[in-house]
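Some notes on the structure that comes next.
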Amino acid sequence: MNPHAMTILLFAAWSIFGWQILRRYRLMTVGPGEIRLDNIGERLKRTWEYAFVQKRMPRYYWAGIAHKVIFAGFMVLLFRTLLLFGRGYSAEFDFWGVLSIDSAIGGAYSFVKDVFAVLVILGVLVFFYYRLVKKLPRMTLSGEGLLILGIIMSMMFSDILHDAAEQVLQGRSWTWAEPAGSLVALLLVRASEGTLDVLSQLGFWTHVSLVLLFLNLLPNSKHFHVITAIPNVFTQSLYPRGRLPNVADIEGKIEREETLGLKSIEQLTWKGVLDLYTCTECGRCTDNCPAANSGKLLSPKQLTLDLRDYLYKNEKALVGAKGSGANGDSSSGSFSLAELVPNIIKPEVLWACTTCGACETECPVFITYVDKIVDMRRNLVMEKSEFPAELQNAFRGMESSGNPWSFPASDRAAWTEGLDVPRMAEKPDAAVLFWVGCSASFDDRARKIARATASLLKAAKVDFAILAEEEQCTGDPARRAGNEFLFQMLAQMNAETLNRYQPKTIVTTCPHCFNTLLNEYPDFGAKFKVVHHSEFLSNLVREGKLKPTNRIDAKVAFHDSCYLGRYNEIYEPPRETLRKIPGLTVLEPRETRDRGMCCGAGGAQMFKEEEHARPGVTGERVNEKRTDQLLATKPDMVASSCPFCQRMLIDGLAGKSREDVKQYDIAELLWQSVETPSA
């Protein structure tokens with residue numbers, strides 16, 4: 001071996017790598033800071049599960065297995081690479097006998113190493129197939145990806161070649177400690193000593209050089225995630241998934257005329273930049289995005305890449321501005337960068353998002369998209385007053401009447417006519433507050449959900465009451481649409497009302513209300529036990545307080561609400577309730593549970609028209625695409641547990657001319673089964 005060559009190679013490669021990492025670190029820390037080192041135990045647990053065990057990878061079966069094999073192979077072969085570095089100085093180096101092939105530990109390691117070298121080659125072939133043969137649309141099919149795969153495969157082959165040549169030189173034709181090397185050695189038994197020495201050196205230096213080349217390619221390619229994925233998983237948000245980051249002192253920011261929302265790239269926190277570094281360009285996010293799948297301009301992957309590319313393009317200006325003491329505000333005159341919207345990200349991209357969270361559920365490295373999209377919406381809405389015209393009516397209604405439709409507050413309890421539903425003002429000590437929500441209060445069809453739920457609570461003798469005129473919109477549509485100021489105004493008023501009554505439990509039929517009350521209102525001093533009606537009713541049936549007896553002989557396809565399922569992991573209770581109804585058969589569409597497609601109402605889409613399809617594409621409404629998925633099960637009816645979903649699915653069925661398939665909330669079906677024939 002050649003110690004001088006190894007020293008030069010290692011010094012040069014690690015120096016260049018260190019310089020590149022320093023550049024990326026300096027760029028990452030241009031923006032505001034963020035604390036992500038709390039609850040170390042939980043972070044370590046999640047890092048093990050999702051970064052090392054890679055629990056999300058098998059969601060795409062063969063690609064997931066291939067990736068897990070390659071990752072495990074790199075972990076195993078790390079010691080082999082260090083061993084070869086050492087052998088650049090001494091041909092006998094074996095970690096002081098620990099990894100000697102003649103020792104128990106060394107022999108076992110060599111065997112495992114050979115097995116994984118072969119498995120890595122097979123894994124690489126899977127990705128070659130996806131890139132060259134199947135050409136998956138979701139993936140970035142670039143020459144860079146093929147180059148990296150070629151390097152990985154060459155590293156494995158060169159390592160096996162080195163072992164094979166060394167075996168023959170040492171007079172060993174076969175050893176179970178190196179099965180892959182032994183197989184190749186059988187082909188080399190007739191080679192001359194000089195040829196074997198050349199092959200050994202070729203394998204050795206090829207492996208070592210490719211490892212260092214690969215290392216230096218990482219910071220300049222999408223494979224940077226090899227380095228950043230573990231830190232990104234470790235620093236993921238530990239807040240509930242349904243909670244958007246709170247904007248503190250928003251009134252003060254407005255008074256001080258500070259920038260509201262995400263306006264410029266330098267306003268991304270270091271964690272936001274780490275997200276951009278970590279994108280693997282696998283396209284799983286876009287593959288499951290309802291906006292992308294219905295032809296809209298939004299692609300979560302492309303959004304990330306556009307932000308990342310713009311960040312890299314302006315590295316010199318950003319880092320230079322920080323070094324000169326500039327405050328990072330492009331409006332200060334210290335330096336000038338384009339505003340993200342519309343220069344880098346088109347407004348149509350942002351407004352197509354339903355905030356369903358499918359992209360984040362699929363991302364194997366925990367990149368977040370919804371928070372960035374909503375933050376850019378905040379800038380458009382609160383600072384520029386640029387948003388879809390239809391949202392103006394919703395904003396005005398929430399501000400003046402406490403609901404997006406501008407109905408008078410006096411109509412909030414109109415749905416209770418004939419039910420004798422008590423109010424909290426009359427019964428302040430009620431154990432359960434039934435939070436009705438705007439849709440179930442004012443929408444004629446959704447009112448049937450409220451009536452069914454109240455009837456079931458009365459039948460189960462639940463001590464409950466409603467707020468009636470005292471209830472206002474939780475502000476979910478305002479917050480997701482970017483009107484953070486309006487959201488906080490509503491949240492503070494509702495928090496005051498809730499804290500005045502101090503209910504033991506809040507039950508709501510709307511997953512959006514449920515998510516906001518449970519996960520976001522604690523930021524405003526309102527922390528209560530919040531239960532969705534699907535769980536509450538399921539418990540009442542389980543406890544025998546409600547007894548479904550009337551048969552409903554039908555097949556029902558169940559649709560999961562994004563804000564109930566993906567955001568709060570409530571999947572089984574609504575299904576359990578439906579299965580308790582005699583005669584009812586619950587059908588599951590192929591796209592179900594955490595892969596269930598959004599109905600298209602979230603993210604304030606309920607109150608605006610859908611964005612147009614991207615050029616050259618025949619678009620489709622999200623709710624109609626979801627309706628097709630449900631109808632594929634050949635149901636007699638469709639069930640959901642969200643008033644928004646109900647409205648979108650009713651419209652979807654009408655758009656498909658399938659009036660023969662009815663849409664019900666689970667509460668309505670349960671009430672049909674519990675209700676006495678004479679009722």
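The values are calculated or read from the model by the stated rules, or taken from the named source; none is laboratory data. It should be emphasised that the depicted structure is a prediction, and the values quoted were computed from it without experimental measurement. All Cβ positions, even for glycine, are placed from backbone atoms using ideal geometry, and neighbour counts span all protein chains on display.
Residue-level analysis places VAL184 among those that are touching a Leu at 6+ places or on another chain (Cβ under 7 Å), more than 24 Å from MET6 (Cβ to Cβ) and outside the structural domain of TYR277 (by TED's automatic domain parsing). Put simply, of LEU187, LEU202, LEU212 the only residue that is without any contact (Cβ under 8 Å) to a residue 40 or more places away in the chain and either surrounded by fewer than 20 Cβ atoms within 10 Å (Cβ to Cβ) or of a type in the set (A, V, I, L, M, F, W, C) (or both) is LEU187.
Matching residues to (1) out of contact with any helix residue (DSSP H, G or I) (no Cβ under 6 Å at 6 or more places or on another chain); (2) closer than 26 Å to ASN314 by Cα; (3) in contact (Cβ under 8 Å) with a residue 24 or more places away in the chain:
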position: HIS4; (1), (2), (3): yes, no, no
position: ALA13; (1), (2), (3): no, yes, yes
position: GLY18; (1), (2), (3): yes, yes, no
position: LEU27; (1), (2), (3): no, yes, yes
position: GLY33; (1), (2), (3): yes, yes, yes
position: ASN39; (1), (2), (3): yes, no, yes
position: GLU42; (1), (2), (3): yes, no, yes
position: TRP48; (1), (2), (3): yes, no, no
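Here ALA13 meets the list (1) assigned to a helix (DSSP H, G or I); (2) within 26 Å of the chain's Cα centre (by Cα) almost entirely, failing just condition (2).
Would a scan of the range 99-107 turn up a residue that is surrounded by 14 or more Cβ atoms within 10 Å (Cβ to Cβ), touching a residue at least 24 places away in the same chain (Cβ under 8 Å) and hydroxyl-bearing (Ser, Thr, Tyr)? Before you say what the answer is, go through the steps one by one.
If we filter the range 99-107 for residues that are surrounded by 14 or more Cβ atoms within 10 Å (Cβ to Cβ), which is where we start, we get 99-101, 103, 106-107.
From what's left, touching a residue at least 24 places away in the same chain (Cβ under 8 Å): 101, 106-107.
Now restrict to residues that are hydroxyl-bearing (Ser, Thr, Tyr): none.
No, the range 99-107 contains no residue that is surrounded by 14 or more Cβ atoms within 10 Å (Cβ to Cβ), touching a residue at least 24 places away in the same chain (Cβ under 8 Å) and hydroxyl-bearing (Ser, Thr, Tyr).
Right, ARG566: under 23 Å from the mean Cα position of the chain (by Cα) and either outside the structural domain of VAL462 (by TED's automatic domain parsing) or farther than 18 Å from CYS356 by Cα (or both) or not? Against the criterion (under 23 Å from the mean Cα position of the chain (by Cα) and either outside the structural domain of VAL462 (by TED's automatic domain parsing) or farther than 18 Å from CYS356 by Cα (or both)), ARG566 qualifies. Scanning the range 522-539 for residues being within 26 Å of the chain's Cα centre (by Cα) and among the aliphatic types (A, V, I, L, M) gives a total of 2. Apart from one condition, LEU262 fits all of (1) among the hydrophobic types (A, V, I, L, M, F, W, C); (2) under 27 Å from ILE344 (Cα atoms); (3) in the same structural domain as GLU144 (by TED's automatic domain parsing); the exception is (3). Give the range 238-273 a look and list any residue that's in a helix (DSSP H, G or I), among the hydrophobic types (A, V, I, L, M, F, W, C) and either out of contact with any Lys or Arg (no Cβ under 9 Å at 6 or more places or on another chain) or surrounded by fewer than 21 Cβ atoms within 10 Å (Cβ to Cβ) (or both), or say none. Those that are in a helix (DSSP H, G or I), among the hydrophobic types (A, V, I, L, M, F, W, C) and either out of contact with any Lys or Arg (no Cβ under 9 Å at 6 or more places or on another chain) or surrounded by fewer than 21 Cβ atoms within 10 Å (Cβ to Cβ) (or both): ILE250, ILE254, ILE265, TRP270. Residues in the range 449-469 that are touching a helix residue (DSSP H, G or I) at 6+ places or on another chain (Cβ under 9 Å), assigned to a helix (DSSP H, G or I) and under 20 Å from LEU537 (Cα atoms): ILE449, ALA450, ARG451, ALA452, THR453, ALA454, SER455, LEU456, LEU457, ALA459. Looking at GLU92, GLU42, just one residue is modelled with pLDDT under 95 and either part of a helix (DSSP H, G or I) or not assigned by TED's automatic domain parsing to the domain that holds PHE366 (or both), and that residue is GLU92.
When GLN302 is tested against the conditions (1) surrounded by fewer than 20 Cβ atoms within 10 Å (Cβ to Cβ); (2) more than 20 Å from LYS135 (Cα to Cα), the lone failure is (2). The set of residues in the range 287-299 that are buried (at least 23 other Cβ atoms within 10 Å of the Cβ) and in a helix (DSSP H, G or I) comprises PRO290, ALA291, ALA292.
Quick one: is GLU178 buried (at least 16 other Cβ atoms within 10 Å of the Cβ), touching a residue at least 60 places away in the same chain (Cβ under 8 Å) and acidic (Asp, Glu)?
So GLU178 passes the test.
Do the conditions hold for PHE395, that is, is it on the phi < 0 side of the Ramachandran plot and not charged (D, E, K, R)? Working first, answer last.
Numbers: on the phi < 0 side of the Ramachandran plot: yes; not charged (D, E, K, R): yes.
So PHE395 passes the test.
Residues ARG500, ARG479: which one is crowded, with 22+ Cβ neighbours inside 10 Å and in a helix (DSSP H, G or I)? Step by step, each of ARG500, ARG479 is checked, and only ARG479 is crowded, with 22+ Cβ neighbours inside 10 Å and in a helix (DSSP H, G or I).
Determine whether ILE148 is buried (at least 16 other Cβ atoms within 10 Å of the Cβ) and over 16 Å from VAL211 (Cα atoms).
Values: buried (at least 16 other Cβ atoms within 10 Å of the Cβ): yes; over 16 Å from VAL211 (Cα atoms): no.
No, not satisfied.
Within the option set VAL133, VAL115, VAL124, being β-branched (Val, Ile, Thr), farther than 22 Å from LEU218 by Cα and out of contact with any Pro (no Cβ under 8 Å at 6 or more places or on another chain) holds for one residue only, VAL133.
How about the range 362-373: which of its residues are assigned to a helix (DSSP H, G or I) and either of a type in the set (Asp, Glu) or surrounded by 24 or more Cβ atoms within 10 Å (Cβ to Cβ) (or both)? Lay out the reasoning, then the answer.
We begin by selecting, within the range 362-373, every residue assigned to a helix (DSSP H, G or I); these are 362, 370-373.
Within the range 362-373, GLU362, ASP371, ILE373 meet the criteria.
Taking the numbered list (1) assigned to a helix (DSSP H, G or I); (2) exposed (fewer than 14 other Cβ atoms within 10 Å of the Cβ) in turn, TYR50 passes all entries but (2).
The condition of being of a type in the set (Phe, Trp, Tyr), at pLDDT below 95 and assigned by TED's automatic domain parsing to the domain that holds PHE116 holds for only one of TRP19, TRP62, TRP14, that being TRP62.
Identify, please: which residue in the range 521-547 is of a type in the set (S, T, N, Q) and surrounded by 20 or more Cβ atoms within 10 Å (Cβ to Cβ) and is, among those, farthest from GLU668 (Cα to Cα)? Outline the logic, then answer.
Step one: filter the range 521-547 for residues of a type in the set (S, T, N, Q), giving 534, 538-539.
Subsequent filtering for residues that are surrounded by 20 or more Cβ atoms within 10 Å (Cβ to Cβ) retains 534, 538.
Numbers: SER534: 11, SER538: 13 Å.
So, considering only residues that are of a type in the set (S, T, N, Q) and surrounded by 20 or more Cβ atoms within 10 Å (Cβ to Cβ), the one farthest from GLU668 (Cα to Cα) is SER538.
Kindly indicate which of THR140, THR81 is polar (S, T, N, Q) and in a helix (DSSP H, G or I). Checking each option against the conditions leaves just THR81. Tell me yes or no: at least one residue of the range 642-663 is surrounded by fewer than 16 Cβ atoms within 10 Å (Cβ to Cβ), among the polar types (S, T, N, Q) and not assigned by TED's automatic domain parsing to the domain that holds GLU360. Yes - at least one qualifying residue is present in the range 642-663.
If you go through the range 427-448 and keep only what is in a helix (DSSP H, G or I) and over 17 Å from GLU469 (Cα atoms), you end up with just LYS448. Among residues of the range 572-597 being in contact with a helix residue (DSSP H, G or I) (Cβ under 6 Å, 6 or more places away or on another chain) and within 19 Å of CYS359 (Cβ to Cβ), the one that is surrounded by the most Cβ atoms within 10 Å (Cβ to Cβ) is MET597. Residues in the range 415-434 that are loosely packed, with under 13 Cβ neighbours inside 10 Å, in contact (Cβ under 8 Å) with a residue 24 or more places away in the chain and among the small types (Gly, Ala, Ser): ALA431 only.
Take ASP636 and decide whether it is touching a strand residue (DSSP E or B) at 6+ places or on another chain (Cβ under 6 Å), within 28 Å of ARG447 (Cα to Cα) and assigned by TED's automatic domain parsing to the domain that holds ARG590.
Working: touching a strand residue (DSSP E or B) at 6+ places or on another chain (Cβ under 6 Å): yes; within 28 Å of ARG447 (Cα to Cα): yes; assigned by TED's automatic domain parsing to the domain that holds ARG590: yes.
In short, yes.
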